Amino acid sequence: MSHPIEERLRDAYQAKAGQLTEARLDQLTAAREHGLDELLGTEHTAELPIVDTAPNRRQHRWLAPGLAAAAIAAVAVGAVMIATGQPDSRPHPHPAATHVSSPPTSAPTPAPTASQTHGQPVAAPPYLPAGQTGSRDQVPWSAVGSGWRLLQRQNPGDYATYDRKLYLYDPAGGRYLITDALPVQSRLLAWSPDGQRAMVQMLNDGRFRQFDLRTGNVVSTATLPQAAFTTYTTPRGLAMVMVDDSNPVKPQFKRFATDGTLELTYSNPALLTTERVLYTPDGTELIGDTSSATVLLGNDGHLIRQFPVPAGYSRCYVLKWWTESAVLEVCSNNLSFSALFVQQVAGGSPSRLTSGNGKYGMGYANGWRLSNGDVLLENISGCGDAGYQVLATDGTIHPLRLPAGVTEPGYIANMDGDLATFLQRNFPGCGGTNRPRYSLIDYNMVTGQTRTLLDGLAVIVGWPGDQG
Amino acid sequence: MSEASVQDPAGLDLAALYSEHRLSLARLAVLLVDDMATAEDVVHDAFIALQQHQSRLRNPDAAIGYLRTTVVNRARSVLRKRQTVRRHLSLVRDSYAEAADSELLLAEGQREVLAAVRQLPRRQQEVLALRYWANLSEAEIAEALGISKGAVKSNASRGMDKLEAMLGAKR
């Protein structure tokens, strides 16, 4: 006997699916390929010839939209840098200075860096005054650490394309031009945990290219598989790990040397669905998420510990180190609602950080610890953006006092200590406009000070280990 | 089948598969991700994946199963990123706007059903779409989702019960 709701469901599916006609599908395909033709211009193809192993250009035309979408998504993610790895076990030259990303108890106490007070307005030498541009030779390399950011602008009018300049921003807002010769259509991806190199991904063929920040020179180019995510290993970034999902039926967690040599295919199937890994500082253990649990693994893939998904939730995703012995994770019970939990690495059930769905109705997706003990919460709205609230030390939640010129809902593009970089748009919430404008505004959550970082969109990668 | 023939991609006519199944796969995808542009991307991604791995597929039927699985997995990945990252900026905004606009063209009762479906856990949504849109058998759904037939049955049953609970009063 059929279920009483079955006919209504079939009817609704037919109606919804039927809206996508052959003609509409052709339009969508044509629109995407038209966009790609603009993206893959003459200069582009001349400078970056298709690799020999690629079957044909058509394949790239299929591949590029996903990469471009991922690139756009990475803007506001702030390209959270989670260091990873195994073989590079030498000391970390510039350990992460924020408490938030501090790894577990085995981690040495991070040495403060000159920039550790970046949450406060910092203008003392050797930083450049905010808004000024210096050369690579002017970078005070011994001071580069927590609070510094790598930044690559997106081109106005076509936010799926990227400027060829790579800047290093100091905590005071001054910037240094590292190179103006990034490959055409490449996107900033990661900052090596030793602070020495930046990784970009070329959007036409997915290759990865590393730049030495001090010289601006290319130090490696690698052809790596299509991946759900790619990040450096810890503590130095001598390799990269990724979930190779070129075969989506059987994705595999792999580690590659930065020249593209495959070092290890992890055999533990539990890690197959992870989107992010958090490494211990010595790179010997990592935490990732699976479709059924959060897991602590040895760097060779052996399962050390499995953490339960909280009752009432279907799965969790790890976000960041929350304390030296715990990670923050977001758990969801379906696509609409999520909550934040703190999981002790030693084991036990996760403790709830947020409850309810918040002002914007779809739960909480991220949190950041502020220096005054408060926690900044990100509350998801139904339009793909977010609102922000503050969880005070007494357990109460109140709205974030927004700086002038910033409206909700919106996005935080990057977070360093108390310093949030807000992405301000001229179409807040679900609204739209044919002439979108964006600006990035730095806002100190504790002092209330603001400054416009730049007008436009950018990929921002915070200092490795900063809370992201 | 011999190893040689398994590795021989000659038996797989990608162009024919694309022509024959592109629309139905895109329609399946639109039920899973809501907006058409994302659905189109998802299906293109699926065909790219098939192109890359066609040498491992023994016959066109296996290829269709592979495509279906890929579409479901990639749709899930898209939604996961929307949910946990949810910062696609204009892409997401445009997607939501289009999805919302297109649903305005549906009858009120159909919109209610689709809104209720979106409240279900992801797995249940996938099972129901494959069962009641794609008309797959329990075994085919199990294969597509990488779960047991029992799990298919229980997810379908729970999903329908929840829909009944949500929509029952409005019938």
*Here are some residues: A:T230, A:T215, A:T223. Which one is closer than 22 Å to B:I48 by Cβ, of a type in the set (S, T, N, Q) and out of contact with any Lys or Arg (no Cβ under 7 Å at 6 or more places or on another chain)?*
A:T230
_Filter pass, A:R255 being in contact (Cβ under 8 Å) with a residue 12 or more places away in the chain, out of contact with any Phe, Trp or Tyr (no Cβ under 7 Å at 6 or more places or on another chain) and not in a loop (DSSP other than H, G, I, E, B)_ = yes
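Only one residue in A:V345, A:V309 is at pLDDT 85 or above and over 27 Å from A:F256 (Cβ atoms). Which one? Before you say what the answer is, go through the steps one by one.
On the way: A:V345 fails: over 27 Å from A:F256 (Cβ atoms).
A:V309 is the lone residue from the list that is at pLDDT 85 or above and over 27 Å from A:F256 (Cβ atoms).
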*Looking at region A:262-272, is at least one residue at pLDDT 85 or above, of a type in the set (A, V, I, L, M) and surrounded by fewer than 21 Cβ atoms within 10 Å (Cβ to Cβ)?*
yes
*asked:* All but one of (1) in contact with a helix residue (DSSP H, G or I) (Cβ under 7 Å, 6 or more places away or on another chain); (2) modelled with pLDDT under 75; (3) charged (D, E, K, R) hold for B:D45; state the number of the condition that does not hold.
replied: (2)
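Wholly within region B:63-171, which helices (runs of 4 or more DSSP H) include no fewer than the required count, namely at least 3 residues that are modelled with pLDDT of 85 or more and more than 7 Å from chain A (Cβ to nearest Cβ)? Steps first, answer last, please.
Values: elements: B:90-104, B:108-118, B:122-132, B:138-145, B:149-167.
Filter on region B:63-171 gives B:108-118, B:122-132, B:138-145, B:149-167.
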*Among the strands (runs of 3 or more DSSP E) contained in region A:351-420, which hold 2 or more residues that are touching a residue at least 12 places away in the same chain (Cβ under 8 Å) and closer than 27 Å to A:Q152 by Cα?*
A:364-369, A:375-380, A:386-391, A:411-416
*asked:* Suppose the filter is outside any strand (DSSP E or B) and buried (at least 21 other Cβ atoms within 10 Å of the Cβ); does A:T215 pass it?
replied: no
*In region B:12-38, which residues are within 11 Å of the chain's Cα centre (by Cα) and either more than 7 Å from chain A (Cβ to nearest Cβ) or surrounded by fewer than 23 Cβ atoms within 10 Å (Cβ to Cβ) (or both)?*
B:S24, B:L25, B:L28, B:A29, B:L32, B:V33, B:D34
_Enumeration of residues in region A:218-244 that are within 18 Å of the chain's Cα centre (by Cα) and part of a loop (DSSP other than H, G, I, E, B)_ = A:Q226, A:T233, A:T234, A:G237
*Could you say whether any residue in region A:278-295 is at pLDDT below 95, of a type in the set (S, T, N, Q) and under 30 Å from A:P399 (Cα atoms)?*
no
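The values are calculated or read from the model by the stated rules, or taken from the named source; none is laboratory data. As the structure is a prediction and not an experimental result, all values here were calculated from the model. Cβ sites come from the backbone with ideal geometry, for glycine too, and all protein chains shown count toward neighbours.
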